[in-house]
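Visitor: Pasting a structure below so you can have a look.
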Amino acid sequence: MARKSYEGAGVLPGLEEDARPAPKKSTANAARKPRVSAPRLIALFVTVAVVLSAVLLGLHLIDQFLIMDPRFALGGPGDDSSLQISGAAHISRPAIEKIFADDEGVSVYLIPLAERRDAIREVAWVREASVARVWPNRLIVRIQERTPVAFVQLNASRFGLIDAQGVILPPATDRFKLPVLSGVRAGDPVVKRREGVQRMLRLTADLGDATANISEIDVSDGDNLKVSQPYDGRFLTLLLGDRNFKARYGNFLSHYSQIQQRLPGAAVLDLRLEDRITVVE
């Protein structure tokens with residue numbers, strides 16, 4: 001049987017229709033975008049404007065209600081239910097009420113809590129404070145007072161209290177059992193006072209319960225802290241250096257009876273050498 005030749009077609013017999021290129025779709029419809037009519041845009045804009053105006057009006061009415069309604073007014077001095085103060089052991093209530101003196105009869109909604117809190121922090125004995133608004137007409141003031149850690153000499157005849165941050169506190173009616181801190185003066189910058197107090201606290205933390213027997217701590221020399229205390233009928237001064245306070249103090253307790261027998265008049269003992277105790281003349 002003779003073979004037929006299909007040259008130049010490039011397509012098998014019977015597939016001519018399938019090989020025809022698909023007609024291109026018109027891009028006119030694809031390029032055409034839907035348009036929002038002007039009336040619809042205007043209606044949308046009006047709706048948004050009305051809703052926004054209603055929200056703003058509502059907020060304004062609420063704002064005026066909170067400002068003007070007498071049910072939200074803060075009471076006057078002595079009104080414990082309106083101004084509640086907690087945590088103030090050494091601070092008088094009038095000292096705190098004075099800060100809120102201009103707020104009497106004012107809505108608690110208008111009272112600037114941050115400003116009042118900062119003013120309370122300036123009161124003596126206050127370490128930290130917070131002011132919270134409680135509806136309808138109450139303020140709650142929470143105070144954290146400073147804790148004295150030692151007495152410090154203010155002048156020739158007066159002593160004051162000092163806290164861990166070097167802040168000197170006014171007198172209190174409490175009877176504090178604390179050592180006297182020497183080497184820190186009231187006229188020193190607070191940063192310098194704080195450094196001296198921190199040296200003292202490092203020593204007392206190491207000594208632990210033995211601190212209760214110490215009457216004075218001298219931190220004037222940061223490399224050689226000194227403690228003074230009554231002991232066995234005498235008033236002794238112990239030189240402890242700048243480290244190993246507990247071990248050196250324990251060495252003193254263990255060997256003092258021998259020192260007293262040999263040198264009964266010894267009043268200043270140098271404990272800085274680990275293997276011996278030296279009597280300072």
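Visitor: Please state the relative contact order of region 148-279 as a whole percent: Cα pairs under 8 Å, 6+ residues apart?
Guide: Result for region 148-279 is 16 percent.
Visitor: Another one. Given a cut-off of under 8 Å on Cα pairs at least six residues apart, what relative contact order in percent is computed for the chain?
Guide: 9 percent
Visitor: Using a Debye calculation, one point per C-alpha and no hydration shell, please list log10 I(q)/I(0) for region 73-200 at q = 0.13, 0.15, 0.16, 0.21 Å⁻¹ in order.
Guide: The Debye formula, applied to the Cα set alone, gives -0.61, -0.73, -0.79, -1.09.
Visitor: On average over all directions, what projected area in square nanometres does region 72-145 have, based on the convex hull of its Cα atoms?
Guide: Spelled out: convex hull of the Cα atoms, projected over all directions, averaged, 4.0 nm².
Visitor: Only counting other Cβ atoms within 10 Å, I'd like ILE67, ILE162 sorted with the fewest neighbours first.
Guide: ILE67, ILE162
Visitor: Given R₀ = 41 Å, FRET efficiency for ASP80-ALA186 by Cβ-Cβ distance, to 0.05?
Guide: The computed FRET efficiency comes out at 0.70.
Visitor: Rank these for me by crowding, ILE140, ILE277, going from fewest to most other beta carbons within 10 Å.
Guide: Starting with the residue having the fewest Cβ neighbours, the order is ILE140, ILE277.
Visitor: Moving on to the next point. How much length would be gained if the chain were fully extended between ARG276 and ARG127, taking 0.36 nm per residue of separation minus their Cα-Cα distance, in nm to one decimal?
Guide: Contour length minus the Cα-Cα distance gives 49.2 nm.
Visitor: Compute the length gained on full extension between VAL134 and ALA43: take 0.36 nm times their separation in residues and subtract their Cα-Cα distance, giving the result in nm to one decimal.
Guide: Result for the pair: 28.4 nm of gain on full extension.
Visitor: Suppose every K and R has +1 on its Cβ and every D and E has -1 on its Cβ; what is the size of the dipole of region 148-279 about the Cα centre, in Debye to the nearest 20?
Guide: With only Lys, Arg, Asp and Glu charged at Cβ, the dipole is about 140 debye.
Visitor: OK, next. Along Cα→Cβ, 7 Å out, is where each label goes; now give me the distance between the ones at SER157 and LEU59 in nm to one decimal.
Guide: 6.4 nm
Visitor: Continuing with the same structure: Let me spell out the model: positive unit charges on the Cβ of Lys and Arg, negative unit charges on the Cβ of Asp and Glu, origin at the Cα centre of the chain. What dipole size does that give, in debye rounded to 20?
Guide: The calculated dipole for the chain is roughly 1300 debye.
Visitor: On to the next question. Which value, to two decimals, describes the C-alpha radius of gyration of the chain once divided by 2.2 N^0.38 Å?
Guide: Cα Rg divided by the expected 2.2 N^0.38 Å: 2.24.
Visitor: When the distances between all Cα atoms of region 174-281 are binned every 10 Å from zero, what whole-number percent does each bin get?
Guide: Going from the shortest bin to the longest, the percentages are 14, 47, 30, 8, 1.
Visitor: What aspartates and glutamates could a cross-link reach from LYS246, if we take a straight Cα to Cα line under 15 Å and drop same-chain neighbours fewer than 8 places away?
Guide: Within reach: ASP206, ASP209, ASP270, GLU274, ASP275.
Visitor: Listing MET200, MET68 from the residue with the fewest other Cβ atoms within 10 Å to the one with the most, what is the order?
Guide: Starting with the residue having the fewest Cβ neighbours, the order is MET68, MET200.
Visitor: Here is a follow-up. So in the chain, what percent of DSSP beta bridges are antiparallel if you round to the nearest 5?
Guide: Rounded to the nearest five, the antiparallel share is 70 percent.
Laboratory data are not the source of any read-out in this text; all were calculated from the coordinates shown. Computed from a prediction, not measured in an experiment: that's the story for all the values here. Cβ: placed from backbone, ideal geometry, glycine included. Neighbour counts: every protein chain shown.
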